[in-house]
Amino acid sequence: GDTATANALDDYEEGTWTPAVASDASASAYNYRNGYYTKIGRQVRVTCQFRISTIGSFSGATINLQGLPYNIGNHSNYDPIGVIMIKSAATAKNDIYVRGVSNSNYVRIESNNGNTSSDRNCNANMFDTDTICFMDFTYFIA
């Protein structure tokens with residue numbers, strides 16, 4: 001039988017979003033913040049790049065990148081991860097990644113820091129003036 005109608009792409013969207021550093025860390029100003037997304041059905045792929053021009057409040061051990069175009073779905077046992085690269089950081093970090101937080105519009109920057117508990121957050125002092133971040137992340141909405 002004909003399955004073309006059942007497989008028709010009926011929910012496709014492209015757009016922009018504005019990434020922002022938040023939580024225990026926040027930037028006062030940026031040289032630029034560029035974010036792009038593609039949504040196909042329930043799947044959303046986001047990419048972004050930004051450069052911090054002025055350091056704001058940076059303390060503690062949680063760094064969130066907020067402003068995703070759609071909230072991450074609350075799916076059982078679902079913690080989507082993505083890639084991030086940080087250039088000109090104040091503190092060098094290895095094995096960093098972003099992890100999505102269910103029912104939110106942000107990802108958390110984490111590291112394979114050898115901690116065996118659930119706390120794998122990167123310290124906020126990693127950022128500095130002129131730090132540049134690149135991120136690529138795919139997730140499902142509700």
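The values are calculated or read from the model by the stated rules, or taken from the named source; none is laboratory data. Predicted, not measured: the structure shown is a model, and the values here were computed from it. Positions of Cβ are backbone-derived with ideal geometry, glycine not excepted, and every protein chain shown enters the neighbour counts. The accessibility values were calculated without ligands, DNA or RNA, using every heavy atom of the protein model including side chains. Shrake-Rupley method; radii C 1.70, N 1.55, O 1.52, S 1.80 Å.
Here are a few things to note about the model shown:
- Boolean, Ala27 is loosely packed, with under 13 Cβ neighbours inside 10 Å and aliphatic (A, V, I, L, M): no
To keep it simple, each residue is scored yes or no on (1) within 22 Å of Tyr37 (Cα to Cα); (2) assigned to a strand (DSSP E or B).
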position	(1), (2)
Gly60	no, yes
Pro69	yes, no
Asn74	yes, no
Val83	yes, yes
Ile86	yes, yes
Ala90	no, no
Tyr97	yes, yes
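- Flag if Asn105 is open to solvent by 60 Å² or more (accessible area, probe 1.4 Å) and either among the small types (Gly, Ala, Ser) or under 28 Å from Glu13 (Cβ atoms) (or both): no
- Filtering the range 39-73 to residues that are among the small types (Gly, Ala, Ser) and either surrounded by 16 or more Cβ atoms within 10 Å (Cβ to Cβ) or within 11 Å of the chain's Cα centre (by Cα) (or both) leaves Gly67, Gly73.
- Every residue from the range 105-142 that is at pLDDT 85 or above, closer than 24 Å to Ile52 by Cβ and not in a strand (DSSP E or B): Asn105, Thr129, Asp130, Thr131
- Looking only at the range 74-90, and only at residues there that are in contact with a strand residue (DSSP E or B) (Cβ under 8 Å, 6 or more places away or on another chain) and crowded, with 17+ Cβ neighbours inside 10 Å, the one that is farthest from Asn123 (Cα to Cα): Pro80
- Cβ-Cβ under 8 Å pairs, at least 6 apart or on other chains, the range 69-91 side under 15 Å from Ala142 (Cβ atoms) and in contact (Cβ under 8 Å) with a residue 40 or more places away in the chain, far side surrounded by 14 or more Cβ atoms within 10 Å (Cβ to Cβ) and of a type in the set (D, E, K, R): Pro69/Lys39; Tyr70/Lys39; Pro80/Arg99
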